[in-house]
Amino acid sequence: MRQRLARIPPKFWLLLILLALGVVLALFFDRGGVRIPGPVPEDPAGEPDYFLEGANLTRFNEQGEAYQRLQSPRLVHTPVDDVTRAKTPRLRIYDEDERVWLARGESGRLAPNGTQVTLSGQAELEAPEENWLLETEVLHYLPGSGHAYSQGEATLRQPPQHIRGERFDAWINEGRARLTGKVRGFHPVKESSS
């Protein structure tokens, strides 16, 4: 057996050692799929001071309870205007009665100190417990007052009915909503059984 091992050329042993070292280094430096970040985003407000990829943010009230969660594949903060912009944000809002409200859009904008969240591009606000969904182009949410509103045309859907208006307001903590301005809709008539 020793004679067979002695006949193996030294170049083979060196190759075997290098392969083993490569495997050990690959295992050592693989830290759970750490990704290389994409290019630094550009914005008309200036160069960002930071950006986060795969972000999950949670805001808490004075009692330490979560009242708002934001999920986005990319958040960018610009110091010039102190605004954070989000790509395809998903917002989860908890009202005072612990009901869940869902909001989403193609892009989002978080004002300084979290005073306002604006979702743009096919923005939606959903109340799963009440089974209704609002669709609009731009949706504003004021976390301090729990007021969500749209200043443009909005459609409220609660199957099988839907209603459209020029403005939408919802007071999340009060569990009420309002459509105003040229309100029109479709309400199917229930058939009575005779």
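Taken over the range 63-103, the criterion of being under 8 Å from the mean Cα position of the chain (by Cα), buried (at least 16 other Cβ atoms within 10 Å of the Cβ) and either over 29 Å from W132 (Cβ atoms) or not basic (K, R) (or both) is satisfied by L70, Q71, S72, A86, P89, L91.
Residues checked against (1) crowded, with 19+ Cβ neighbours inside 10 Å; (2) out of contact with any Leu (no Cβ under 9 Å at 6 or more places or on another chain):
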site	(1), (2)
S145	no, yes
A148	yes, no
Q151	no, yes
A154	yes, no
R167	no, no
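The residue that is farthest from E106 (Cα to Cα), counting only those in the range 125-143 that are open to solvent by 70 Å² or more (accessible area, probe 1.4 Å) and not in a strand (DSSP E or B), is E129.
The values are calculated or read from the model by the stated rules, or taken from the named source; none is laboratory data. These numbers were taken from a predicted model, which means no experiment stands behind them. Quick reminder, even Gly has a Cβ in these numbers, built from the backbone with ideal geometry, and neighbours come from all protein chains shown. Heads up: the accessible areas ignore ligands, DNA and RNA and are worked out on the full protein's heavy atoms, side chains in. Shrake-Rupley method; radii C 1.70, N 1.55, O 1.52, S 1.80 Å.
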